[in-house]
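**Student:** Quick one: the structure is below, and I'll ask about it shortly.
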Amino acid sequence: MRLRGLGAIVTGGGSGLGAATATALAEAGMRVAVLDREEERARAVAERIGGVAFALDVADGPAAERLFPAICEAAGGPRLLVNCAGIAPAGRIVGRDGPLPLAAFEQVIRVNLLGTFNTMRLVAHAMAALEPLEEGERGLIVNTASVAAFEGQIGQAAYAASKGGVASLTLPAARELASRGIRVVAIAPGLFATPMLLGMPEPVQASLAASVPFPARFGRPEEYASLVLEIARNPMLNGCVLRLDGALRMAAR
Ligand SMILES: NC(=O)c1ccc[n+]([C@@H]2O[C@H](COP(=O)([O-])OP(=O)(O)OC[C@H]3O[C@@H](n4cnc5c(N)ncnc54)[C@H](O)[C@@H]3O)[C@@H](O)[C@H]2O)c1
């Protein structure tokens, strides 16, 4: 897909991987709709890159349905959706205070899995109505899983389950949407230097970074964005989950 002049939607675009992706897509000449639950964050990024900001909780079905016509119009007919909205609270199944509250598990599944599916279904519907581009391609959806989908650590039951869902969704979605010329790919990042990780205590950060074989550091958000650009450009990438992790395999704790 040649990106210049096309429209893109980035969820979680107000921070971290989403903000870096929105920036890279704008630099590639795309019109970008920046979605985030935190309106101020979305606005700050949108202003910086010349995009349009929308405040949306991706897990809110009715709100997304109401807002999507305006979002699609702002993107001028979306050809690319990148789902980066997500949360990663830790919690043991059986903790000091008893069993993990069901609401805590549900919240992670809602944002990470339901939220991803929510925007995906609405964007796929909008993409299906667009004229095909070269090779009959109408659009691309990139979802964000995690290496926790495969090696969830202790305390990551909810997070790993949510990201496992995102990973599993990739192939059936790509198969179904193939007839409409829409590709679906997931990226499973390892450890990336975003507010999600940089909020941890320094020693924890240092030991996490040292656990990456090579390069032994956190990934840079721009490296995630660069993979999104490559997926967009390369039509053979479809229906797969791409690990972006410097050969990291997470240990149990
Ligand atoms: N940083 C990492 O090391 C890492 C590793 C693997 C996977 N991931 C995944 O990458 C994605 C991006 O993470 P990040 O590191 O950039 O985190 P981040 O916290 O910097 O950014 C996430 C953004 O999502 C937004 N968001 C959260 N819940 C939302 C909701 N319900 N609706 C709309 N927006 C919402 C937040 O406001 C925030 O701006 C997440 O799905 C995360 O699980 C991150």
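**Student:** Only one residue in LEU237, LEU229 is under 18 Å from the mean Cα position of the chain (by Cα), assigned to a helix (DSSP H, G or I) and of a type outside the set (D, E, K, R). Which one?
**Tutor:** Going through LEU237, LEU229 in turn, just one is under 18 Å from the mean Cα position of the chain (by Cα), assigned to a helix (DSSP H, G or I) and of a type outside the set (D, E, K, R): LEU229.
**Student:** Can you name the residue in region 193-207 that is near the ligand (Cβ under 9 Å from one of its atoms), in contact with a helix residue (DSSP H, G or I) (Cβ under 9 Å, 6 or more places away or on another chain) and more than 17 Å from VAL82 (Cα to Cα) and, of all such residues, is modelled with the highest pLDDT?
**Tutor:** ALA193
**Student:** Would you point out which residue out of ILE71, ILE9 is in contact with a strand residue (DSSP E or B) (Cβ under 9 Å, 6 or more places away or on another chain), farther than 27 Å from ALA193 by Cα and crowded, with 20+ Cβ neighbours inside 10 Å?
**Tutor:** Matching residue, one of ILE71, ILE9: ILE71.
**Student:** Among the listed residues ALA74, ALA103, ALA70, which satisfies the condition of being among the small types (Gly, Ala, Ser), under 16 Å from GLY13 (Cα atoms) and over 19 Å from the mean Cα position of the chain (by Cα)?
**Tutor:** Sole residue among the options that is among the small types (Gly, Ala, Ser), under 16 Å from GLY13 (Cα atoms) and over 19 Å from the mean Cα position of the chain (by Cα): ALA74.
**Student:** Inspect all residues belonging to region 165-188 and state whether any of them is over 16 Å from the mean Cα position of the chain (by Cα) and within 12 Å of the ligand (Cβ to nearest atom).
**Tutor:** no
**Student:** Going through region 210-226 one residue at a time, which ones are in a helix (DSSP H, G or I) and farther than 13 Å from LEU80 by Cβ?
**Tutor:** Answer for region 210-226, where residues must be in a helix (DSSP H, G or I) and farther than 13 Å from LEU80 by Cβ: ALA210, PRO221, GLU222, GLU223, TYR224, SER226.
**Student:** Quick one: would you say GLY76 is out of contact with any helix residue (DSSP H, G or I) (no Cβ under 8 Å at 6 or more places or on another chain), in contact (Cβ under 8 Å) with a residue 12 or more places away in the chain and at positive phi?
**Tutor:** The answer is yes for GLY76.
**Student:** Check off (1) touching a Cys at 6+ places or on another chain (Cβ under 9 Å); (2) surrounded by fewer than 24 Cβ atoms within 10 Å (Cβ to Cβ); (3) of a type outside the set (S, T, N, Q) for GLY18 and give me the number that stays unchecked.
**Tutor:** (2) is the only condition that GLY18 fails.
The values are calculated or read from the model by the stated rules, or taken from the named source; none is laboratory data. None of these values were measured; they are calculated from a predicted model. Every residue, glycine among them, receives a Cβ derived from its backbone with ideal geometry; neighbour counts consider all protein chains shown.
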